[in-house]
Amino acid sequence: MDDRSRAPYSGPGHTATTAHVIGGIWVFAALGRFDYRFRRLLPLLALAVVIGLNAWGAVAGGKLIQGGWNVPGSEALRAEELLADRFGVQATAMIVVYRDPAQDAGSPAFQKQVAASVRNVADDPVVDDVLTYATLQDPKFLSRDGSATFALIRLTEQDEAAVDDAQRLAGLVEPPAGVQTYITGVPQLYHEFNDKIESDLVRAEMISLPIALIILLAVFGTLIGASLPMLMAALALPSAFAVIGLLASVTEMSIFVTNIASMIGLALAIDYSLFMVSRFREELRHHPVDVAVERMMATVGKAVAVSGVAVAIGLSALTVFESPALRSMGIAGVITVVSTLLFALTVLPALLGMLGHRVNRLRVPLPRALRLVEDDADAADRRQGRGVWSWVASRVMRRPLLIGLPVLALLLVAGSPFLSLQLSTGGNLDDLPPSPARTGFQVLAAEFPGGDTDPIVVAVTYPSQVAADGLAKQLPGLRTYIERLRGFQGVKEVESVLDPPKGMDAAAYEQLLQAPAAQRPAQLAPWMQQWLAGDTVKVQVFSDRLPDSDAGRALVDEIRAVPPPATSEVLTAGLSSRSRDFIGSFNRSVPFAVLIVVGVTALVLLLTFGSILLPIKAVLMSLLSVSASFGALVWIFQQGHLSGPLGFTASGTLVASTPVIMFAILFGLSMDYEVLLLSRIRERYVATGDNTLAVAEGIGLTGGIITGAALVMVAVFGAFALSSVVFIKAIGLSQALAVLIDATIVRGILVPAFMRVMGRANWWAPGWLQRGIARLGLYEGPTRVDLDRPASTEPEPAPAG
């Protein structure tokens, strides 16, 4: 076989025309020469950039937000703004739940213990008021069986602002001796959630990094080689986090971006470094250091750049969503990819240029069975293009349809549970990790009147000032409207200004309701102010439907379809309404996101390989591995299979952002292996002109590297599957599974089967298109290929099956 790309290095004076040997990849070859020339300066500049960014971020960085799931301009958001304007901005609260051992929580004796428990809290500057059953005599402050009660501590701050005070306020509560006490509330829930996110992130890194190092040692067999990927991660991740922090000071960035960025950054930094260091060591066996750096950049450097672009494209598709949280995850992901690429394409080649043959120092003695890549130069040359994966590919290509079609059917069946997908915004209690605050909310929901649902809040706005003038004209239409709301299936109760306060005669109350405010008794004012403000009447609809579910959203649609009372305008708020608006916006954006990911990725691959069929094949293979992981996602996390061993409670829904984030990440990451594999197959095809041989050798050449890279990604993603946050757990486990499928079933069976069936058509494109792409310097065009390749000896395809 005439293979000039493997011509032996002839000594220090060797000055072969590398640009010709490599082909038309002059852009990345030039970058390799630049990296080598400034090899001592680039690492110092990189270190200065990392330190500078983190110092800047520490001074000027903003805070990550808990929410970000509301859709700007949506009806729910407009309703909440209207209600806040008319009834005042609703500050948050801390809730302390007490269970009386004597089962009489409403007794004066037990209420004295409750008051003493929160006495210190009442004096805090951020506390506005402390309300208990003793102060209000409101039956809602007692559980249905009378065994529990709660203290409502109103704060002067809203949810996000109160998070920093949550732990301090909780420390001021003095639980009565022998009384089971739960401290809850949205700020406390957020505070505990933040702690879970941070501890899970540290745990994931503590687990994944040692495993990744072991895998890298199995790949490289030397401490120097294995440490370089870790060094890249140590440069890329802090830089990405610093930029994310700086952006948080000018735009909303979700708290989830830390986990997403860490997951992506660790996987890519290690993967890209693994690909590049492995190719450098291979080139170093035949060329001097400077040429080895140049050739590495011209081949794998190009593949890494294309892969990075594909991942960035996938993540950038998240920015088409209106939700600030989803958009921020896309922005953070792109920043992480750019940071990783920047250091991988500059600092890593520079370090390799300085190390030279020292990259093979500090060899670790490993049994041959544990080596993923041969570290003996002579043995490596003898086994080039051979090995287990080459053997598998060759066997598959003998019977491509007989083997490929059943595997294809198996993946389609694995993805079928995704057809029963049920989405939510993550607002249900079961979507949150176990914590004391969550337990407190669950006690409130299960045992207290009105605590088992988040009501749909309806704002009915009139052109007149009904709060001051009375409801004489509006009362009949308002009563008819509320009766319509009571008639819907699933509605348990509707509370409104039409309901008289406890102990007041209904007929007398109706007369006062129609009278101007100045004619009503003063003691009625607090009750009326809950429901009437300016031109707006507030109505609350309580339902037995889970608010953040298809059923809860359907009820919102039914309520919004009811004609409003004459001359009025109606808006709905509450969790169900926010969920309805988010899912509606989400569904409208999904097709655009998918089109961006698939279309632009296919274009990038077309420009890289100058082929019409290969981009189509790559997209289809990626969709197969993604769909199989989506099926597992629904089967495990929505339907609850394996919930016991995995330690979570299935809510019957999936957070809507989970599949779209997975799609954005996985579609890009699957291109990671695809680009590396096709690049190597392309090199062998250029050298041999034999499609079948090129596929077998290309898969054999990349077998150990892709196996090692896949194991690293599985380790990183799998570590995040140990998270106590179901959203992070689902993304971690499903992505680990997708990478495993992509690196084994898809790479080992479907890719060679497809490429064998298509034969030389794999590489076809109109001549004018290939010549145009070749001018970009990313692809060896037809003219250059012909110069470096002998006449094709590919045999006619054997009968399939």
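Rounded to the nearest 20 debye, the dipole size of the stretch 448-531 about its Cα centre is 180 debye, using +1 on the Cβ of Lys and Arg and -1 on the Cβ of Asp and Glu. Simple rule: put +1 on each Lys or Arg Cβ and -1 on each Asp or Glu Cβ in the chain, find the dipole, and look at 389, 404, 570; the Cα lying farthest toward the positive end is 389. Using only Cα atoms and rounding to the nearest 10 degrees, what angle (0 to 90) does helix 400-415 make with the longest principal axis of the chain? Helix 400-415 sits roughly 20 degrees off the main axis of the chain. Evaluated with a Cβ-only charge set (Lys, Arg +1; Asp, Glu -1), the chain carries a dipole of roughly 3180 debye about its Cα centre, given to the nearest 20. A straight chain from residue 102 to residue 85 at 0.36 nm per residue would run longer than the Cα-Cα distance by 1.7 nm.
Taking the DSSP bridge list for the chain and keeping only pairs wholly inside it, about 90 percent are antiparallel.
Over all directions, what mean area does the Cα convex hull of the stretch 73-124 project, stated in square nanometres?
Values: hull surface 24.5 nm².
For the Cα atoms of the stretch 73-124, the hull's average projected area reads 6.1 nm².
Using C-alpha pairs under 8 Å with a sequence gap of at least 6, the mean separation divided by the residue count of the stretch 536-673 gives a relative contact order of 17 percent. Projecting the Cα positions of 146, 705, 490 onto the charge dipole of the chain (unit charges on Cβ atoms of Lys, Arg, Asp and Glu, taken about the Cα centre) puts 705 furthest along the positive direction. Here the sum of -39500 (n - 2.57) over DSSP H runs of 4 or more residues, divided by the residues of the chain, equals -19500 deg cm²/dmol at 222 nm, to the nearest 500. Counting only protein chain heavy atoms and rolling a 1.4 Å probe, the accessible areas of 538, 140, 729 rank, largest first, as 140, 538, 729. Ranked from largest to smallest solvent-accessible area, with a 1.4 Å probe on the protein heavy atoms, 81, 683 come out as 81, 683. Helix 324-355 versus the longest principal axis of the chain: what is the Cα-based angle in degrees, 0 to 90, to the nearest 10? Approximately 30 degrees, to the nearest 10. The protection proxy used here, the mean number of other Cβ atoms lying within 10 Å of each residue, ranks peptides 303-310, 180-187 as follows, highest first: 303-310, 180-187. Sorted largest first by accessible area at a 1.4 angstrom probe radius, with every protein chain in place, the residues 157, 483, 510 fall in the order 483, 510, 157. Ligands, DNA and RNA aside, residue 258 has an accessible area near 30 Å² when probed at 1.4 Å. For the chain, the alpha-carbon radius of gyration amounts to 1.15 times the rule-of-thumb value 2.2 N^0.38 Å expected for a compact globular protein.
Relative to the longest principal axis of the Cα atoms of the chain, the long axis of helix 186-220 lies at roughly 10 degrees. Rounded to the nearest Hz, the phi-derived 3J(HN,Hα) couplings of the stretch 34-43 under the Karplus curve 6.51 cos²θ - 1.76 cosθ + 1.60 (θ = phi - 60°) are 4, 4, 5, 4, 10, 5, 7, 7, 4, x, where x marks glycine and proline.
Distance from the C-alpha centroid of the stretch 467-483 to that of the stretch 654-705: 67 Å, rounded to the whole angstrom.
With both labels modelled 7 Å from their Cα along Cα-to-Cβ, the residue 51 to residue 395 distance reads 5.5 nm.
Separation of the stretch 734-770 from the stretch 74-111 is 57 Å, based on Cα centroids. Cα centroids of the stretch 414-452 and the stretch 253-303: 41 Å apart.
The values are calculated or read from the model by the stated rules, or taken from the named source; none is laboratory data. Since we're looking at a predicted model, the values are computed, not measured. Cβ: placed from backbone, ideal geometry, glycine included. Neighbour counts: every protein chain shown. The accessibility values were calculated without ligands, DNA or RNA, using every heavy atom of the protein model including side chains. Shrake-Rupley method; radii C 1.70, N 1.55, O 1.52, S 1.80 Å.
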